[in-house]
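The values are calculated or read from the model by the stated rules, or taken from the named source; none is laboratory data. This structure is a prediction, so every number in the text was calculated from the model and none was measured. Glycine gets a Cβ as well: all are built from the backbone with ideal geometry, and neighbour counts include every protein chain shown. Surface accessibility is based on the protein's heavy atoms, side chains included, excluding ligands, DNA and RNA. Shrake-Rupley method; radii C 1.70, N 1.55, O 1.52, S 1.80 Å.
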Amino acid sequence: MRKLLVLALVGLVAQLIDGSLGMAYGLTSSTLLLVAGVAPAAASASVHLAEIGTTLAAGVAHWRFGNVDWRVVTRIALPGAIGAFAGATVLSSISTEAAAPWMAGILFTLGAYLLVRFARPLRTDRVGGRLRGRFLGPLGLVAGFVDATGGGGWGPVATPALLVSGRMEPRKVIGSVDTAEFVVAGAASIGFLIGLGSEGFLLPTVAALLIGGLIAAPLAAWLVRIVPAQLLGAAVGGVIVLTNARTLIRSAELDDGPVRPIVYVLLAAGWIAALVLAVRALRRTRRAHAEAVETADTSAAPAPVDLVGVVAASAAPAEPTPTGTPTPR
């Protein structure tokens, strides 16, 4: 019972992170399940089955808050489903010994990407034009495949790519990616069901993750408007990197000797540096935004009226014209 409560808390925290960043539900949940000793295929299968419920709730919540671009959802969801089904089939056919370092390597890489991505200022400006299907289709295919084979990755691949395009508001990027993930999670679950059978799903784990995620989904859709993604992304990236480094070190048989502590010290130092850079980037962004608002207010204000000059001009005597008729100033 205690373990299920912990898993429910994991699902809640993971969904809060995912709903605020548009990524990291699968990364967070799969990482913790691997640490708990769950087989990679079973961990990814259980997380994706739970995501069917959490992404549905998240999609409805984002839709109600106006965070969804349905055109993007329809063009990225189907290719994502195809990639996820293929990835689930591949992971189901790999042995646990071979899959563990593979999955940890994917999660470690995505965690490192989060560190680098959120240590820099986030782009919030937008340019004209629409996102084309020839961009969204391949993006969905790759993101879906990485998501299923790594136990997570749909958000870390899809969300930054859409943000960098500059053609969508950040909140709509997050809402659209979360909504499309419902179809991706369903396709991955079907692939795992075919490859592993029903015994491949840890139903108590699925239920715990689902309950926690359902509780957090509406709150996450609201938090996306106020939570600084800069700090949250860097913090989550560091946790994922350090956690999956443990599996990689063990797979490389470097548990003994000085290598392991040195690696952890270097990774921790990199995490701290990323957090410091994220704080600085957030401050610069807020300062620039405040200056832009102040400039806009100043330019929009009416020019001051010289009341003294007006009164003086009205009180001055009229000048005579050549014909003797006074002419007012």
Task: Test for ALA41: is it touching a Lys or Arg at 6+ places or on another chain (Cβ under 9 Å), closer than 18 Å to PHE192 by Cα and not polar (S, T, N, Q) - done: no
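Residues are listed down the side, and each one gets a yes or a no for (1) crowded, with 18+ Cβ neighbours inside 10 Å; (2) modelled with pLDDT of 85 or more:
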{"site": "ARG117", "(1), (2)": "yes, no"}
{"site": "LEU122", "(1), (2)": "yes, no"}
{"site": "ASP125", "(1), (2)": "no, no"}
{"site": "ALA143", "(1), (2)": "yes, yes"}
{"site": "GLY150", "(1), (2)": "yes, no"}
Open item on the list: I'm checking my understanding of the structure. Among residues of region 254-306 that are modelled with pLDDT under 75 and closer than 23 Å to LEU34 by Cα, which one is surrounded by the fewest Cβ atoms within 10 Å (Cβ to Cβ)?
Closed with: ASP256
Open item on the list: Out of everything in region 182-202 that is modelled with pLDDT of 85 or more and open to solvent by 50 Å² or more (accessible area, probe 1.4 Å), what residue ends up being farthest from ASN67 (Cα to Cα)?
Closed with: ILE194
Task: Any hit, region 27-47, residues being at pLDDT 85 or above, assigned to a helix (DSSP H, G or I) and within 17 Å of ILE215 (Cα to Cα) - done: yes
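A quick yes/no check of all residues on (1) open to solvent by less than 30 Å² (accessible area, probe 1.4 Å); (2) in contact (Cβ under 8 Å) with a residue 60 or more places away in the chain; (3) among the charged types (D, E, K, R):
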| position | (1), (2), (3) |
| --- | --- |
| ASP18 | yes, yes, yes |
| ALA24 | yes, yes, no |
| SER44 | yes, yes, no |
| VAL47 | yes, yes, no |
| LEU56 | no, yes, no |
| ALA61 | yes, yes, no |
TODO: Report yes if VAL241 is in a helix (DSSP H, G or I), modelled with pLDDT of 80 or more and open to solvent by less than 20 Å² (accessible area, probe 1.4 Å), otherwise no.
DONE: yes
